[in-house]
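The values are calculated or read from the model by the stated rules, or taken from the named source; none is laboratory data. All values derive from a computational prediction rather than experimental measurement. Backbone-built Cβ (ideal geometry, glycine too); neighbour counts: all protein chains shown. Remember, those area values only see protein heavy atoms, side chains included, never the ligands or the DNA or RNA. Shrake-Rupley method; radii C 1.70, N 1.55, O 1.52, S 1.80 Å.
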Amino acid sequence: MRVLFITTSRSDYGILEPLLRKIKKDKFFQTKILVTGEHNSKIHNKSKNLVLKNNKLNTSILKISDREGSNPKDILKKSSIILSKIFYYLKSINPDIILLVGDRYETFLVSYASMVCRIPIAHLHGGEKTVASIDDAMRHSISKMANIHLVERLDYKRRLIQIGEDRSKIFVVGSLGRENINNTKLFSKKYLEKNLKFKFFDKNIIFTYHPETLNSDKIEKNIKIILKSIKNYNNIRFIFTSPNLDVGSNIIRKNIMKFIKNNSNAVYFPSLGSKKYFSVLKYSDGVIGNSSSAIIEVPFMKKFSINIGNRQKGRFTYSSVINIKNSSKEIKNAINLVYQKKFSIKIKKNKVTLRKTSNKIVGILKKINLNKILFKEFVDL
């Protein structure tokens, strides 16, 4: 089976890694990887180099543009380039099936091109809900174009059935991201401090905050509230990572860089890659912001997550996740709460299930009848 993996960002590549390793060893598959989207961005340290370094599979780079802008005009311009280039690429390699993750606009465009070219799509992380972002519409649209659904939990399968998808094509496989953590030998504290050139404090929090793209007029106000709220926690090392290249990400990045300059307890990394990110998390207490990793992977590592705002609203959350509004009072209360002994006990009680996700997906792919999955019919409830 000729499988084409699509990766558009550092985050989805981190999710795909365990499946790539598994498929690499199986002679049933001929595999290619298409690297595009944010991977080309200088802002994220050209994370495409991490993909090229970490795998020995047949990898192609689909370069979009040198423009780093994240306003609607820039995104639409880049979208037109993707659609133009992806058609010729798909025609040149003619894969049997395309496997992709999540809800990025680049992923949506690849899905659209694949559907038009009549190439089956297997989609990971469908059925989820994030109310404050255009990603929600992208994700559900990709689900309507996809032929095979590989979802993280039963709740998300039910949601896909609700939007007319055939239950026999929806498989609950768990989380590749959690499997990746479980199977990865993480870096030591000593290595991280030397390699990343900073020292951990006694208390450490990773900060990742992305734009709420459906509330783009409030992005600057929101990030300023958050940064002002954490300003006086001088005893905590705040480890910032870059926001996604969504509309308004330049505003967030500008405010973060100003904060870093004026606060010696803060450090910034454009892109750590999944192994370094989870290694840093191992020696941190938890995360703050609105990243999906705070909801899906961080609870598995028995760390707290302070989830701000509505970007992740609608996803299943564990007891280690504190969902709060973007207000100074709630942010400070949450930080104070997570360092109380009773909350650390609560975190340790988290039961996060591993499902041998990559094995499940490989088994599903091997059983697919490619001649019968292209035709789709809306299934009424």
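Taking H as built 1.01 Å from N, whose amide H comes closer than 5 Å to the amide H of Tyr268, not counting residues under 5 places away?
Distant-sequence amide H within range of Tyr268: Phe240.
So which of Lys144/Lys367; Lys221/Lys329; Lys276/Lys303; Lys24/Lys360 end up more than 18 Å apart, counting from Cα to Cα?
Lys144/Lys367
Using amide H atoms built 1.01 Å from N in the peptide plane, name the residues 5+ places from Arg237, or on other chains, whose amide H lies under 5 Å from its own.
Phe201, Lys203, Asn204, Ile205
Tell me the net charge near Asn147. Cut-off is 11 Å between Cβ atoms, Asn147 excluded, with +1 for each Lys or Arg and -1 for each Asp or Glu.
Once positives and negatives cancel, what remains is +3.
Taking the 0 to 90 degree range and rounding to the nearest ten, how far is the long axis of helix 273-282 tilted relative to the main principal axis of the chain, both from C-alpha atoms?
It is inclined by approximately 40 degrees.
For the residue pair Val379 and Glu193, what label-to-label distance in nm results when each label sits 7 Å from Cα along the Cα-to-beta-carbon direction?
5.5
If the chain between Phe201 and Asn71 were fully stretched, how many nm would it gain, using 0.36 nm times the residue separation less the Cα-Cα distance?
Result: 43.1 nm gained on full extension.
Give, as a single signed number, the net charge of other residues whose beta carbon lies under 13 Å from the beta carbon of Tyr277, with Lys and Arg counted +1 and Asp and Glu -1.
+3
If you roll a 1.4 angstrom probe over the protein chains with everything in place, what fraction of the accessible area of segment 120-195 belongs to carbon and sulfur, to the nearest %?
Heavy-atom surface of segment 120-195 belonging to carbon and sulfur, 1.4 Å probe: 51 percent.
Out of residues 5 or more away from Leu99 or on other chains, whose amide H comes under 5 Å of its own, with H placed 1.01 Å from N in the peptide plane?
It is Leu4, Phe5, Ile6, Ala122, by chain and number.
Report the label-to-label distance for Lys372 and Lys349 in nanometres (one decimal), using points 7 Å from each Cα along the Cα→Cβ vector.
4.7
Counting only protein heavy atoms and a 1.4 Å probe, tell me what percentage of segment 253-381's accessible area is made up of carbon and sulfur.
52
When the chain is modelled as a GNM with alpha-carbon springs shorter than 10 Å, which of Asn250, Asn350, Asn204 fluctuates the most?
Asn350
Could you report the chain's accessible area per residue, 1.4 Å probe, as an integer in Å²?
Here the residues of the chain average 45 Å² of exposed surface.
Computed from these coordinates, which is log10 I(q)/I(0) by the Debye sum over Cα atoms at q = 0.11, 0.15 Å⁻¹: [x] -0.76, -1.46; [y] -0.92, -1.22; [z] -0.77, -1.27?
Comparing each candidate, only [x] matches the computed number.
Hey, rough spin-label estimate for Lys185 and Met257, points 7 angstrom out along Cα→Cβ, what's it come to in nanometres?
Taking the two extended label points, one gets 3.8 nm.
Which residue fluctuates most in the GNM of the chain (Cα springs below 10 Å): Ile93, Ile236, Ile260?
Among Ile93, Ile236, Ile260, the largest GNM mean-square fluctuation belongs to Ile93.
Per residue of segment 98-114, in order, report the coupling 6.51 cos²θ - 1.76 cosθ + 1.60 (Karplus, θ = phi - 60°) as ³J(HN,Hα) in whole Hz, putting x for Gly and Pro.
Calculated HN-Hα couplings, in order: 10, 10, 9, 10, x, 8, 5, 5, 5, 5, 4, 5, 5, 4, 4, 5, 5 Hz.
Could you derive backbone 3J(HN,Hα) for segment 246-254 from the dihedral phi with the Karplus parameters 6.51, -1.76 and 1.60 (θ = phi - 60°), listing whole Hz in sequence and x where the residue is Gly or Pro?
Result, rounded to whole Hz: 8, 4, x, 5, 5, 5, 4, 4, 4.
Only helical DSSP H runs with n ≥ 4 go in: add -39500 (n - 2.57) per run for the chain, normalise by residue count and round the 222 nm mean residue ellipticity to 500 deg cm²/dmol.
-13000 deg cm²/dmol
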